[in-house]
Protein chains: 2
Amino acid sequence: MTGRKRSRVAVRFVKTRDDHRSETAEDYVEAVADLVRLHGECRVRDLAAVMGVSHVTVIRIIARLQEAALVETAPYRPITLTPRGERLAARARHRHEIVLAFLAAIGVPEEAARRDAEGMEHHVGDRTLACMETFLAGVRDRVPAKERDV
Amino acid sequence: MTGRKRSRVAVRFVKTRDDHRSETAEDYVEAVADLVRLHGECRVRDLAAVMGVSHVTVIRIIARLQEAALVETAPYRPITLTPRGERLAARARHRHEIVLAFLAAIGVPEEAARRDAEGMEHHVGDRTLACMETFLAGVRDRVPAKERDV
DNA sequence: CAGCAGATGTAGCCGAGGCTACATTTCTCG
DNA sequence: CGAGAAATGTAGCCTCGGCTACATCTGCTG
Ligand SMILES: [Mn+2]
Ligand SMILES: [Mn+2]
Ligand SMILES: [Mn+2]
Ligand SMILES: [Mn+2]
């Protein structure tokens with residue numbers, strides 16, 4: 001390690017920074033999908049309220065997501081997902097749900113689980129996700145649906 | 001004025017952004033502590049190698065951490081932790097170790113666990129951390145040290 | 001159907017954290 | 001001792017994602 005190039009350890013930090021680069025896209029398409037499902041349409045103001053940022057921040061981010069062909073919008077019009085956006089939203093939601101259910105399964109209280117899952121989800125790789133699913137399946141086996149609450 | 005109608009959901013995203021603001025400090029003081037323990041001192045080039053960034057990035061970040069009274073350094077000299085920095089490093093390492101051990105305990109392979117833990121750790125709140133520790137204690141109970149491997 | 005309120009867009013600021021290119025300092029070693 | 005290499009620092013550029021202030025558009029409602 002002494003005075004060498006990029007250490008083996010560095011790949012972890014590079015991966016984490018990479019996760020963060022995709023995080024905004026994932027959270028936004030997920031939010032767009034939710035808003036369309038819940039309110040029929042997704043407006044800039046809705047996203048601003050959900051994400052807890054100003055409408056200006058939303059506008060700039062949406063512009064980039066349109067560049068990336070994840071959303072479609074026109075001036076003063078609602079925001080919709082492209083097929084690519086839909087697919088990303090579905091993947092993001094699936095992973096989000098598993099992480100959330102997993103935290104609940106190990107006993108984390110509802111609200112804390114929701115809060116921590118929002119950040120953790122973006123760092124959960126395929127292997128970890130698979131282990132969470134296996135764990136959840138085990139819990140379901142041991143405790144049949146009838147006896148579970150929530 | 002713009003963000004008056006912040007939804008209840010927004011607190012999760014605000015919390016996640018907050019986690020990210022403390023992330024750099026946590027990872028850097030942890031790395032400084034590790035390097036001092038392993039090599040006797042921590043130089044800019046070591047941090048650059050470990051974090052996988054250029055030395056310029058390290059210099060700027062270290063300057064900010066010094067502002068925050070977490071590290072101490074002088075031009076062309078090694079970097080050390082202040083008492084505050086030591087405490088933060090200890091907390092960060094403790095949480096990091098638990099998250100890593102927890103992932104291993106649910107069956108995530110070594111390298112994947114190390115990679116995912118590096119990002120996940122910063123989003124693990126006290127409640128979640130406590131649940132992970134409880135889970136680990138349970139595993140240790142059920143499978144005594146001698147029979148555990150991997 | 002006109003005006004106004006609210007939604008959306010634009011301009012321009014900020015800090016964090018990436019980078020390259022070049023300047024300066026330290027330190028090793030012949 | 002005194003190069004020259006390696007380490008460190010500086011200048012200046014970039015993107016991302018925050019923000020406020022102000023401009024413009026849309027859609028209601030009186
Ligand atoms: Mn998220
Ligand atoms: Mn993160
Ligand atoms: Mn760490
Ligand atoms: Mn980390």
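The values are calculated or read from the model by the stated rules, or taken from the named source; none is laboratory data. Given the structure is predicted, the values throughout are model-derived calculations rather than measurements. Cβ coordinates were reconstructed from backbone atoms using ideal geometry, including for glycine residues, and neighbour counts include every protein chain displayed. Remember, those area values only see protein heavy atoms, side chains included, never the ligands or the DNA or RNA. Shrake-Rupley method; radii C 1.70, N 1.55, O 1.52, S 1.80 Å.
Let's see if you can work this out: charge +1 on each Lys and Arg Cβ, -1 on each Asp and Glu Cβ, no other charges. What is the dipole magnitude of chain B about its Cα centre, in debye to the nearest 20?
800
In percent, how large is the relative contact order of the stretch A:88-142, given Cα pairs closer than 8 Å and 6 or more residues apart?
Averaging sequence separation for qualifying contacts and normalising by length gives 45 percent for the stretch A:88-142.
If you put +1 on each Lys and Arg Cβ and -1 on each Asp and Glu Cβ, how big is the dipole of the stretch B:88-142 around its Cα centre, in Debye rounded to 20?
Here the size comes out at about 140 debye.
Using the C-alpha gyration tensor of the stretch B:90-150, what are the square roots of 5 times its eigenvalues, in whole angstrom, with the largest one first?
19, 14, 9
Which of A:Pro109, A:Pro75, A:Pro83 moves the most in a Gaussian network model of chain A with Cα springs under 10 Å?
Evaluated over chain A, the most mobile residue of the options is A:Pro75.
According to the square roots a ≥ b ≥ c of the eigenvalues of the Cα gyration tensor, what is the shape class of the protein assembly as shown, taking rounded for a/c under 1.5, prolate for a/b larger than b/c otherwise, and oblate for the remainder?
Oblate shape, in that a/c is at least 1.5 and b/c is the bigger or equal ratio.
Leaving ligands, DNA and RNA out of it, report the carbon-plus-sulfur percent of the accessible area of the protein assembly as shown at a 1.4 Å probe.
Ligands and nucleic acids excluded, carbon and sulfur reach 54 percent.
Is the stretch A:8-86 rounded, prolate or oblate when judged by the Cα gyration tensor, a ≥ b ≥ c being the square roots of its eigenvalues, rounded requiring a/c under 1.5 and prolate requiring a/b larger than b/c?
Prolate shape, in that a/c is at least 1.5 and a/b is the bigger ratio.
Averaged across the residues of B:49-59, what count of C-beta atoms belonging to other chains lies within 10 Å of each residue's C-beta?
Averaged over the peptide's residues, the number is 4.
Given an 8 Å cut-off on Cα distances and at least 6 residues of separation, report the relative contact order of the stretch A:8-86 as a percent.
Reported as a whole number, the value is 28 percent.
Which chymotrypsin sites (Phe, Trp or Tyr not before Pro) in the stretch B:1-91 pass both tests, a DSSP loop state and at most 15 other beta-carbon atoms within 10 Å?
Listed in order of number, the matching sites are B:Tyr76.
Measuring with a 1.4 Å probe in the full set of protein chains, what accessible area per residue, in whole Å², belongs to the protein assembly as shown?
On a per-residue basis, 57 Å².
Give me the aspartates and glutamates in straight-line cross-link reach of B:Lys15: C-alpha distance below 13 Å, same-chain residues under 8 apart excluded.
Partners within reach: A:Glu111, A:Asp116, A:Glu118, B:Glu23.
May I ask for the accessible area buried between chains A and B, both sides summed, probe 1.4 Å, to the nearest 100 Å²?
Looking at A and B, the buried total is near 4000 Å².
Relative contact order, percent, of chain B when contacts are C-alpha pairs under 8 Å separated by at least 6 residues?
Relative contact order here is 21 percent.
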